[in-house]
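Working notes for the structure below.
What follows is calculated from the coordinates using simple rules that are stated; it is not laboratory data. The structure presented is a predicted model; accordingly, all values stated were derived computationally and were not measured. Note that each Cβ is placed from the backbone with ideal geometry, even for glycine, and that neighbours are counted across all protein chains shown.
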Amino acid sequence: MIEVNVNFKRKDFILDVNLIANERVNALFGPSGSGKSTLLSIIAGIIKPSHGRISIEGECLFDSGLGINIPIYRRRVGLVFQEGRLFPHLTVENNLLYGVNLASIQNQHVSVNQVLELLEIGHLLKKPPHHLSGGEKQRVALGRALLSSPRLLMLDEPLASLDDRLKGQILPFLKRVAEEISIPMIYISHSMDEVQQITENIIMIENGKI
Amino acid sequence: MAWILAKKSFFGKSLIDGLVHLPLVLPPVVPGFLLLLVLGRQGFIGNFIYKHFHMSIAFTWIGAVLASAVMAFPLMVRSARLAISQVDHKLELAAASLGANPIKVFFTITLPLSFPGVLTGLVLAFSRSLGEFGATITFVGNIENVTRTLPLAIYTYTQVPGGDASAMRLVVLSLLLALGALMLSDRLERVAYKKLGNVND
């Protein structure tokens, strides 16, 4: 269960969200500028909300009342971004393994081989990221996030930078991850079509409100 | 130091920034003289060190190294700082979201990605040290076999009748040294860029 109850103000924008998601896979849907990415940054620990509380599976990540604010590197929130953000100086293999050694063993639910098989990226291991296609980059980014043993996986418009043909190729992988790996997931997108293919649990956000 | 100046903002930052860069702007004799005042045997730090460790810094090779370091430091900090601030912060956030603490992020992401800039800083600092004259001669003097650096030696030979040949030998040596260092850094930079995926020729 994901519980988010936060308030965040910036000059011309107010985010006021009260959200309880009971399902494992959820989609956050809303037009651009609605506050989707801000909400993601707040849950991930990149932005600190003015006040509120965030908890995942009963574990508190942020509570302004109790003064709890777990830093981003201990939140275990896996992120996949629009642009992949693979580390350019590391091979695909070392990108994938970056988070593995940092996670404690009891949190590791997916093995490297499982991820390689699921995302079909085993043949790319020795390549540098700039030799990959856009779709391959996103698969590696997804694998890297999965292998960091997150308690929550958040995908921020992971298909937005790909053309329609590639989108069609990646979607099945996303569905597979959503179905086969038991990590809670929030899928963020402004495309209803995309969202509907992943899950039926759709949370709408507009003007900073759910 | 470069990381602090690139990433952090705090009270008094511009003062620290200014202090770090002072040797770059001042005539080299001034930092040399200041070093002598502070670290010379009569200076308050120099006196302390002499009393407790029976060691002098002024007029020794350690002082020569220190003078060069003080003069070269701003150049190193400047280029490293620029390189560090140009590293995509999004990559650092991505690393943090994978569980890397700030120290780990610095050593595995920020530093490798700013390596070409840090290298440029090293070359600049090296060339500054190689040519260091004013601060050295003021702080540690020009003592044969102790604090006579390459430029000091060349200068000394040109002041002595018949020293031209010796001076010439040292000039050739410094040419080779400088050229070698530049070629090495160019080579390293190329390798670093290639690794990052943007080859500049």
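Just a few scattered comments:
- Residues whose amide H comes within less than 5 Å of that of A:SER50, counting only those at least five positions distant or on another chain, are A:ASN7, A:PHE8, A:LYS9 (H built at 1.01 Å from N in the peptide plane).
- For the stretch B:1-43, the convex hull drawn through the C-alpha positions has a volume of 82 cubic angstrom per residue.
- Mean partner shielding of peptide B:88-94, defined as the number of other chain Cβ atoms within 10 Å of each residue Cβ, is 5.
- Listed by chain and number, the lysines whose C-alpha is less than 26 Å from the C-alpha of B:LYS51, apart from same-chain residues fewer than 8 away, amount to an empty set.
- A:HIS109-B:LEU177 FRET efficiency (beta carbon distance; Förster radius 56 Å; 0.05 resolution): 0.45
- Fully extending the segment from A:ILE181 to A:GLU59, taken as 0.36 nm per residue of separation minus the present Cα-Cα distance, adds 41.9 nm.
- Approximate spin-label separation B:LEU82-B:ILE4, in nm, with each point projected 7 Å along Cα-to-Cβ: 2.2
- Top of A:HIS123, A:HIS51, A:HIS109 by mean-square fluctuation, Gaussian network on chain A, Cα under 10 Å: A:HIS123
- Virtual spin-label span in nm between A:ASN7 and B:GLU144, 7 Å along Cα→Cβ: 8.1
- For the stretch B:156-165, 3J(HN,Hα) per residue [Karplus equation, 6.51 cos²θ - 1.76 cosθ + 1.60, θ = phi - 60°, Hz, x = Gly/Pro]: 4, 5, 6, 8, 9, x, x, x, 4, 5
- If the chain linking B:PHE44 and B:THR156 were pulled fully straight, counting 0.36 nm for each residue of separation and taking away their Cα-Cα distance, it would gain 37.2 nm.
- The Cα atoms of the stretch B:77-152 cover 57, 18, 15 Å along the three principal axes, with the biggest extent listed first.
- Rg ratio (alpha-carbon, reference 2.2 N^0.38 Å) - the protein assembly as shown: 1.32
- Note on chain B: Rg/Rh from Cα positions, Kirkwood definition for Rh, rounded to two decimals, is 1.06.
- Rounded to whole numbers, the Karplus 3J(HN,Hα) couplings from phi for the stretch A:64-77 are 5, x, 8, x, 9, 8, 5, x, 3, 6, 10, 7, 6, 10 Hz, using 6.51 cos²θ - 1.76 cosθ + 1.60 with θ = phi - 60°, and x at Gly and Pro.
- Taken over the stretch A:39-114, the percentage of Cα pairs per 5 Å bin, counting from 0 up to the bin with the maximum distance, is 3, 12, 20, 21, 17, 14, 8, 4, 1.
- Cβ-to-Cβ counts within 10 Å put A:SER55, A:SER189 in ascending order as A:SER55, A:SER189, the fewest first.
- Neighbouring partner chain Cβ atoms per residue of B:20-30, average, 10 Å criterion: 0
- The lysine pair tally for chain A, using Cα distances under 23 Å and a gap of 8 or more places or different chains, is 18.
- For the stretch B:1-95, the fraction of C-alpha pairs more than 15 angstrom apart is 68%.
- Each of A:SER161 and B:VAL65 was given a label point 7 Å from its Cα along the Cα-to-Cβ line. The distance between the two points is 4.6 nm.
- Residues of type aspartates and glutamates that B:LYS194 reaches as a straight line, Cα spacing below 17 Å, ignoring anything fewer than 8 places off in the same chain: B:ASP186
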